[in-house]
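Here the structure comes first, spelled out in structure tokens, and everything after it is commentary.
Where a number appears in this text, it was derived from the coordinates with a stated rule and is not lab data. Only a predicted model underlies this, so the values are computations on that prediction, with no experimental measurement involved. For neighbour counting, all protein chains shown are included, and Cβ atoms are generated from backbone atoms with ideal geometry for every residue, glycine included.
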Amino acid sequence: METWRQVIITILIVLSVIDIVATYNYVSRYKKWQPNKPYELIELNPLLVFLWNTFGLHLGMFIGAIVLLALNYIVGKEAHYSIAIILLIFLIYATYNHNKNINLLFQLMDKYPTGYLPYDIFGRVIGNN
């Protein structure tokens, strides 16, 4: 295997693991804070939402991690290098968004520890405690 492929695969897998762990951390904290919030309103990945609704957060995340890591490995190993670079850019962007969203969630949790968001500030919020 070419050296650049090994480097791309390694970077993709590391960023994928970071993405999976950050997603699990974010969703589990969010569900503890607002347990009635549907997964569809917390996460945009339809595969993960389907798996969480079907198997629960822990088993669904485990199955999703296996699928996502396998797909990222296949893209890194078999796809044209430009596709692997695009995936790499998306994973870097996802990592940036995780950092921003987790910080915003912590701010909301500090300001509204019960999980209830006032109607006059936020309007109607689905899954509001």
At R0 = 25 Å, FRET efficiency that the Cβ-Cβ distance of ASN103 and ALA79 yields, to 0.05: 0.15
Size of electric dipole in segment 3-122: Cβ of Lys, Arg +1 and of Asp, Glu -1, about Cα centre, debye, nearest 20: 160
Option label - percent of Cα pairs over 19 Å apart computed here, alternatives (1) 59; (2) 55; (3) 70: (2)
Distance from segment 96-129 to segment 34-95 (C-alpha centre basis), Å: 23
